[in-house]
Amino acid sequence: MEMERPSLAWSIYSTALMPPRAAITSIGRYLPPRVLDNKYFEQFVATNDEWIRTRTGITTRHHAEKGVGSSELATPAARECLERRGLGPDEIDLIIVATVTPDMMFPATACLLQANLGATRAWAFDLSAACSGFVYALTVGAQFVESGAHKRVLVVGVDVMSSILDFQDRTTCILFGDGAGAVLLEPAEDGTGLLAFTHEVDGTGGAYLHMPAGGSLRPPSHETVDQKLHFIRQEGQAVFKYAVRKMAEASVLAVEKAGLQNKDIDLFIPHQANIRIIDAAQTRLGLPDSKVIKNIAKYGNTTAATIPLGIYTALEEKRLKKGDNLLMTAVGAGFTVGSAVLRWSTLTL
Ligand code: UT7
């Protein structure tokens, strides 16, 4: 027996009931012009290009000049994002900045960015989730778009990791780069946009990757400076093991939540912390090279900026087209874990 077809009126009614999804409709990025190769670090620590390339996958990274804050990287990235969409700064409703290297303790870097842009209608706040910061901020911003509260949310991932590096610690100083990526979220009614996400925290992992002083617990003092407590501290192997396990676990969960299977993923943009972590996640997900973005060789680990810089790389290399299923996953200090699946919009470069 032939099924009764839904009436046109019902189709229109049920479509109207579907909340809009939050889609990425524009993008911008900024990388400070100073590029450092691996050899540069040999003047400070016992290291070499071969070790860095084979153990991390990094060849170069960008470092800002001393005294350049995160807001100064975020501003040109955000301007490019708005200009690409032909929007004025006063057309933005909300700005979320993901960073662990804010210009200062307060006000929030998002407020400084709001002022730099002249985004007079926007409210703004920072979000601190280290390397998972951009994925967290993207999904937080999406809630305001999907609920109808806001039409245009600017989400920025930015870090000036060079400002908290100990150039006498070879296990960390070679890993990180500086950069910023900004995306615009707008409601989409065409099936594109954020499909699903899964986030997780294991706060017991805090001691493995942190900056011990500078906050209320250990305010800055001569002692904290002498003890180098204002630099990043990492127990690399513990973080490595956790990241390898969680990158794959979270990705699988997010893909399932989106009602998809691994084979349905057209592009995977993993957090760029170590090429061996990326390769392990790729293998566990069963994805070919053609479906994975790897730009760690050029940029190193830019913390909150890796995923938007990865999206930018994907667009530069023409590896994203409308309707593609994009998976983005990050693991970072906290420990924080964030994974999101997004159906790509029409955005190209
Ligand atoms: O984005 C936030 C999340 N962060 C991460 O996901 C980072 C996760 N961890 C890692 O990527 C890796 O653990 C590292 C790249 C940090 C370290 O690589 P590893 O293969 O785990 O090295 P290891 O810590 O086991 O150290 C092996 C050796 C040690 O020497 P000894 O004790 O065996 O003599 C290190 O001191 O390699 C030495 N080493 C270096 N040698 C030359 C560590 N860093 C360097 C270096 N150059 N830069």
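The values are calculated or read from the model by the stated rules, or taken from the named source; none is laboratory data. Just so it is clear, the structure is predicted and the values come from calculations on it, not from any experiment. Here Cβ is always computed from backbone atoms with ideal geometry, including for glycine, and neighbour counts include all displayed protein chains. The accessibility values were calculated without ligands, DNA or RNA, using every heavy atom of the protein model including side chains. Shrake-Rupley method; radii C 1.70, N 1.55, O 1.52, S 1.80 Å.
Scanning the range 98-125 for residues that are closer than 21 Å to Gly179 by Cβ, touching a residue at least 40 places away in the same chain (Cβ under 8 Å) and out of contact with any Lys or Arg (no Cβ under 9 Å at 6 or more places or on another chain) yields Ala98, Thr99, Val100, Thr101, Thr109, Ala110, Leu112, Leu113.
Please determine whether any residue of the range 206-220 is more than 16 Å from the ligand (Cβ to nearest atom), buried (at least 16 other Cβ atoms within 10 Å of the Cβ) and within 19 Å of the chain's Cα centre (by Cα). No; the residues of the range 206-220 include none that is more than 16 Å from the ligand (Cβ to nearest atom), buried (at least 16 other Cβ atoms within 10 Å of the Cβ) and within 19 Å of the chain's Cα centre (by Cα).
In the set (1) more than 14 Å from the ligand (Cβ to nearest atom); (2) crowded, with 21+ Cβ neighbours inside 10 Å, the condition left unmet by Thr306 is number (1).
Pick out the one residue from Ala297, Ala304, Ala281 that is within 23 Å of Ala22 (Cα to Cα) and at pLDDT 95 or above.
Values: Ala297 fails: within 23 Å of Ala22 (Cα to Cα); Ala281 fails: within 23 Å of Ala22 (Cα to Cα).
Result of the check over Ala297, Ala304, Ala281: Ala304.
Would the range 264-277 turn up any residue that is within 14 Å of the ligand (Cβ to nearest atom), in a helix (DSSP H, G or I) and among the hydrophobic types (A, V, I, L, M, F, W, C)? Please lay out each step first, then the result.
The first filter runs over the range 264-277 and keeps only residues within 14 Å of the ligand (Cβ to nearest atom), leaving 270-277.
Retained after the next criterion (residues that are in a helix (DSSP H, G or I)): 275-277.
Filter again for among the hydrophobic types (A, V, I, L, M, F, W, C), leaving 275, 277.
Yes, the range 264-277 contains a residue that is within 14 Å of the ligand (Cβ to nearest atom), in a helix (DSSP H, G or I) and among the hydrophobic types (A, V, I, L, M, F, W, C).
Can you name every residue in the range 89-104 that is open to solvent by 50 Å² or more (accessible area, probe 1.4 Å), within 21 Å of Val140 (Cβ to Cβ) and more than 19 Å from the chain's Cα centre (by Cα)? Listed by number, the list holds a single entry, Glu91. Of all residues in the range 38-88, those being touching a strand residue (DSSP E or B) at 6+ places or on another chain (Cβ under 8 Å) and open to solvent by 80 Å² or more (accessible area, probe 1.4 Å) number 4.
Restricting attention to the range 180-191, does a residue exist that is outside any strand (DSSP E or B) and either in contact with a Leu (Cβ under 8 Å, 6 or more places away or on another chain) or within 14 Å of the ligand (Cβ to nearest atom) (or both)? Show your work before the answer.
At the first step, the residues of the range 180-191 found to be outside any strand (DSSP E or B) are 189-191.
Checking which are either in contact with a Leu (Cβ under 8 Å, 6 or more places away or on another chain) or within 14 Å of the ligand (Cβ to nearest atom) (or both) leaves us with none.
No, that holds for no residue.
The residue of the range 184-205 that is farthest from the chain's Cα centre (by Cα), among those that are among the acidic types (Asp, Glu) and crowded, with 16+ Cβ neighbours inside 10 Å, is Glu186.
Condition (residue is within 13 Å of the ligand (Cβ to nearest atom), open to solvent by 10 Å² or more (accessible area, probe 1.4 Å) and either among the charged types (D, E, K, R) or at positive phi (or both)) applied to the range 136-156: is it met by at least one residue?
Filtering the range 136-156 for residues within 13 Å of the ligand (Cβ to nearest atom) gives none.
There is no residue in the range 136-156 that is within 13 Å of the ligand (Cβ to nearest atom), open to solvent by 10 Å² or more (accessible area, probe 1.4 Å) and either among the charged types (D, E, K, R) or at positive phi (or both).
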